[in-house]
1. Using the Karplus curve 6.51 cos²θ - 1.76 cosθ + 1.60 with θ = phi - 60°, what ³J(HN,Hα) values do you get for each residue of the range 21-36, in whole Hz, with x for Gly and Pro?
2. Which one is right for this structure if log10 I(q)/I(0) by the Debye sum over Cα atoms at q = 0.16, 0.20 Å⁻¹ is calculated from it: (1) -0.68, -1.01; (2) -0.62, -0.95; (3) -0.85, -1.01?
3. For a protection proxy built on the mean count of beta-carbon atoms within 10 angstrom, sort 69-77, 90-98 highest first, please.
4. Taking θ as phi - 60°, what are the ³J(HN,Hα) couplings along the range 83-98 by the Karplus curve (6.51, -1.76, 1.60), each to the nearest whole Hz, with x for Gly and Pro?
5. Apply the Karplus curve 6.51 cos²θ - 1.76 cosθ + 1.60, θ = phi - 60°, to the phi angles in the range 6-20 and return the couplings in whole Hz, x for Gly and Pro.
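What follows is calculated from the coordinates using simple rules that are stated; it is not laboratory data. Computed from a predicted model, the values in this text were never measured in an experiment. FYI the Cβ positions are ideal-geometry reconstructions off the backbone, even for glycines, and counts take in every protein chain you see.
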Amino acid sequence: MKMNPENVIKKTGALESFKLDKIKEAIQKAANQAGRENAEEIANTISEEVLKSLEDKESVHTSEIEELILEKLTQAGYEDIVKAWEEYKHKKELELKE
């Protein structure tokens, strides 16, 4: 039987329970930002692809989840969503530096 990860290892090293909904929400936000009308559908499809790649792992780093999301979006031809994701991340990093 395939198992989902139990924990996510945050950038700070803290452990958090794995929640697929957080992945879906992040993808949907990026898809909305890219102007996609079917953002929820894209988020569901890509998050399921990511989950398949994470099966049987007990813990996973946030950076690994992000890499998988961007990889799956690129493979599916959603470069506009990848760009929106990266722009948001860059903006967030700048805000943290202020």
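1. 4, 5, 5, 4, 4, 5, 5, 5, 4, 5, 5, 4, 4, 7, x, 7
2. (1)
3. 69-77, 90-98
4. 5, 4, 4, 5, 5, 4, 4, 4, 4, 5, 5, 5, 5, 5, 6, 6
5. Values, residue by residue: 8, 10, 10, 9, 6, 4, 6, x, 5, 9, 9, 5, 5, 9, 4 Hz.
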